[in-house]
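The block underneath contains the structure these notes are about, expressed in structure tokens.
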Amino acid sequence: MTRSAKDFFAPLAVGAPAPLREIPARPSRAIHFFDPGNEKMAAKVPQMVGTVDVLLGNLEDAVKAENKEKARQGLVDIGRSTDFGKTQLWTRVNSLDSPWALDDLTTLVTEIGDTLDVIMVPKVQGAEDIHYVDRLLAQLEAKAGLTKPLQVHAILETARGVANIEEICAASPRMQGLSLGPADLAADRRMKTTRVGGGHPGYLVRQDPQRDDLGVPQYDGPRATYQQDLWHYTIARMVDACAMHGIYPYYGPFGDIKDTVACEDQFRNAFLLGCVGAWSLHPAQIAIAHKVFSPSVEDVAHARRVIAAMGDGTGAVMIDGKMEDDASVKQCQVMVALAEELAA
Ligand code: GLV
Ligand code: MG
């Protein structure tokens, strides 16, 4: 039987922003990937505890086929020997059509299931993939005597996965969130890019030439070009589907490690649209994600002012020449709730 994710979520109080989950979810602005089979990287993991919201032991792409077992065992060793404190430990297992996925799930849940928080499942195509993982986890949790259910995070990286986004979000109350997988998704859609996330200088709009016959004010500088966001459509779909089902949307990887400016822009666009975090592929991206996915002090102060001025949250007030009403107070509550969650 398919359980609806909605069954797990508290009814909304009238006028209050939706609480995302009944299961307490800790902030996860940066999901930092490491290869548990790489001794140098693995040795750094204990020092990174407390410096990042999520440490993710990656077993899938970027780990060579001959190193899959080493990576899996490396993660077991790290999970057993490390106190993660408030930092969450996630893993990305191999895709369900690979020869490694079953052993990944079986080993990790029975060996370190009490330390793991979230299992990221790549290349999810539809609800059937989540149902499979959900049933398997239930059996493995029972076998291992675990009391805390593992959560599941799906990477959206196939055209079919995007088409089935609603049913994926609703497939299990374990669903914690969705990430955009721009590299695999680009390949699956036959996009003509060779990057891991981010924009492309060829995907642009160009300012029309100046015309005098339109009777409207026009920009009269040089003919400018503006790069567009290749991922806007997919992120917007993810945000709506996740909001509807009470789970979290994340931007995924940004592969150009040196381009910290473009990385920050891409992360901020995702944050403004509703995403709560992004992946970090290099320690330099952790600080970017922590900064971008935290509301600014100014925004939170303004939000508190609006909430205080709006009293019971109904009606309208003027603040600094701008009209605020029931709808703007809800936006402000979202901002303050996030700030409080991050400060807790
Ligand atoms: C991530 O896995 C991606 O394919 O972008
Ligand atoms: Mg991928």
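The values are calculated or read from the model by the stated rules, or taken from the named source; none is laboratory data. If you're wondering where the values come from, they're calculated on a predicted model, not measured in any experiment. Because the Cβ atoms are built from the backbone with ideal geometry, glycine has one as well, and the counts that use them run over all protein chains shown. Surface areas here come from the heavy atoms of the whole protein model, side chains and all, with no ligands, DNA or RNA. Shrake-Rupley method; radii C 1.70, N 1.55, O 1.52, S 1.80 Å.
So, in the range 169-192, of the ones that are within 14 Å of ligand 2 (Cβ to nearest atom) and part of a loop (DSSP other than H, G, I, E, B), which residue ends up farthest from Cys242 (Cα to Cα)? By that ranking, first place goes to Met191. Within the range 177-190, the set of residues being open to solvent by 10 Å² or more (accessible area, probe 1.4 Å) and either within 12 Å of ligand 1 (Cβ to nearest atom) or within 17 Å of the chain's Cα centre (by Cα) (or both) comprises Ala183, Asp184, Ala187, Asp188, Arg189. Could you please find all residues in the range 92-119 being in a strand (DSSP E or B) and either open to solvent by 10 Å² or more (accessible area, probe 1.4 Å) or within 16 Å of ligand 2 (Cβ to nearest atom) (or both)? Residues satisfying the conditions are Arg92, Ile119. So in the range 42-70, with the set limited to residues that are in contact with a strand residue (DSSP E or B) (Cβ under 8 Å, 6 or more places away or on another chain) and part of a helix (DSSP H, G or I), which one is farthest from Met120 (Cα to Cα)? Here the residue is Lys44.
Restricting to the range 120-151, give me the number of residues that are more than 16 Å from ligand 1 (Cβ to nearest atom) and buried (at least 22 other Cβ atoms within 10 Å of the Cβ). Full working, then the answer.
Let us first name the residues in the range 120-151 that are more than 16 Å from ligand 1 (Cβ to nearest atom), namely 126-128, 130-151.
Imposing the further condition that a residue be buried (at least 22 other Cβ atoms within 10 Å of the Cβ) reduces the set to 130, 133, 150-151.
Count: 4.
Being modelled with pLDDT under 95 and within 22 Å of the chain's Cα centre (by Cα) is the requirement here; does Glu60 meet it? For Glu60, the condition - modelled with pLDDT under 95 and within 22 Å of the chain's Cα centre (by Cα) - is not met. Applying the criterion of being without any contact (Cβ under 8 Å) to a residue 60 or more places away in the chain and β-branched (Val, Ile, Thr) to the residues of the range 230-269, the residue that is most open to solvent (accessible area, probe 1.4 Å) is Val261. None of Arg160, Arg195, Arg211, Arg223 is within 16 Å of ligand 1 (Cβ to nearest atom), outside any helix (DSSP H, G or I) and open to solvent by 20 Å² or more (accessible area, probe 1.4 Å) except Arg195. Within the range 272-303, the set of residues being surrounded by 22 or more Cβ atoms within 10 Å (Cβ to Cβ), more than 15 Å from ligand 1 (Cβ to nearest atom) and either farther than 17 Å from Met335 by Cα or free of Cβ contacts under 8 Å to residues at least 40 places away in the same chain (or both) comprises Ile288, Ala303. Does the range 71-83 contain at least one residue that is open to solvent by 10 Å² or more (accessible area, probe 1.4 Å) and assigned to a loop (DSSP other than H, G, I, E, B)? Checked the range 71-83: at least one residue is open to solvent by 10 Å² or more (accessible area, probe 1.4 Å) and assigned to a loop (DSSP other than H, G, I, E, B).
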